[in-house]
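Asks: Below is a structure I'd like to ask you about.
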Amino acid sequence: MKKFFQICRTEFKRMVPLFLFFFVIFSLADLVRLLKSKETGEAYAGFATIFVSAMMMAKVIILSDYLPIIERYSHKPLIYTTCWKTLIYLVCTLFFRILDRAVPKLFEHESIGLVCDGIARELTQMEFWLPQIWLLLLLFIMEAYRELIYAVGVDKVRVLFLGERR
């Protein structure tokens, strides 16, 4: 039982920074959407939706880290690892975004053909790809910082950013 709690604590420590990153990003994106909704009439996503989405994205990143191919370029310079992991994370998040849109439609239409047709139509629209492009850039920045922190060390980065402890 002690090992289970230790694993949970480790996973929680890994998830908190990712969750906070995605929560801030999704909140800012929703704020922009809210300001734009006055013109278009688009609905406000709400705190719960942002919270769950941020938790889901953080968990997708953590689960992606367990893929065997994730450390393919770990012996190369950091740019290779950063680009590779960003690509893996982007593919995984794209898969889950499509799945997130498909499951409710599957319950609504009860036909896989109609769901696939609707998803295919959504994939051709810029409204689907624009957030994915933003996510690509933000994932790259996040992963660049993560790799740099892993290479330099958490304590060294803490000293560089916050100074020596007194």
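Coordinate-derived values only; no laboratory data. Note that the structure is predicted; figures quoted are calculated from it, not measured. Cβ coordinates were reconstructed from backbone atoms using ideal geometry, including for glycine residues, and neighbour counts include every protein chain displayed.
Asks: Considering only region 112-142, state which residues are under 14 Å from THR82 (Cα atoms) and in contact with a Phe, Trp or Tyr (Cβ under 7 Å, 6 or more places away or on another chain).
Replies: LEU139, MET142
Asks: Taking the stated definitions as given, is ALA58 small (Gly, Ala, Ser) and surrounded by 12 or more Cβ atoms within 10 Å (Cβ to Cβ)?
Replies: Yes: the conditions hold for ALA58.
Asks: Pick from ALA54, ALA48: which is out of contact with any Phe, Trp or Tyr (no Cβ under 6 Å at 6 or more places or on another chain), small (Gly, Ala, Ser) and closer than 24 Å to ARG14 by Cα?
Replies: Within the list ALA54, ALA48, the selection yields ALA48.
Asks: Could you tell me whether region 122-133 includes any residue that is in contact (Cβ under 8 Å) with a residue 40 or more places away in the chain, within 25 Å of MET15 (Cα to Cα) and assigned to a helix (DSSP H, G or I)?
Replies: Yes: region 122-133 contains one or more residues that are in contact (Cβ under 8 Å) with a residue 40 or more places away in the chain, within 25 Å of MET15 (Cα to Cα) and assigned to a helix (DSSP H, G or I).
Asks: To continue, here is another question. Out of region 84-95, which residues are surrounded by 15 or more Cβ atoms within 10 Å (Cβ to Cβ) and free of Cβ contacts under 8 Å to residues at least 60 places away in the same chain?
Replies: Scanning region 84-95 gives TRP84, THR86, ILE88, TYR89, LEU90, CYS92, THR93, LEU94.
Asks: May I ask you to say which residue of ARG165, ARG158, ARG72 is without any contact (Cβ under 8 Å) to a residue 12 or more places away in the chain, loosely packed, with under 15 Cβ neighbours inside 10 Å and closer than 23 Å to MET15 by Cα?
Replies: ARG158
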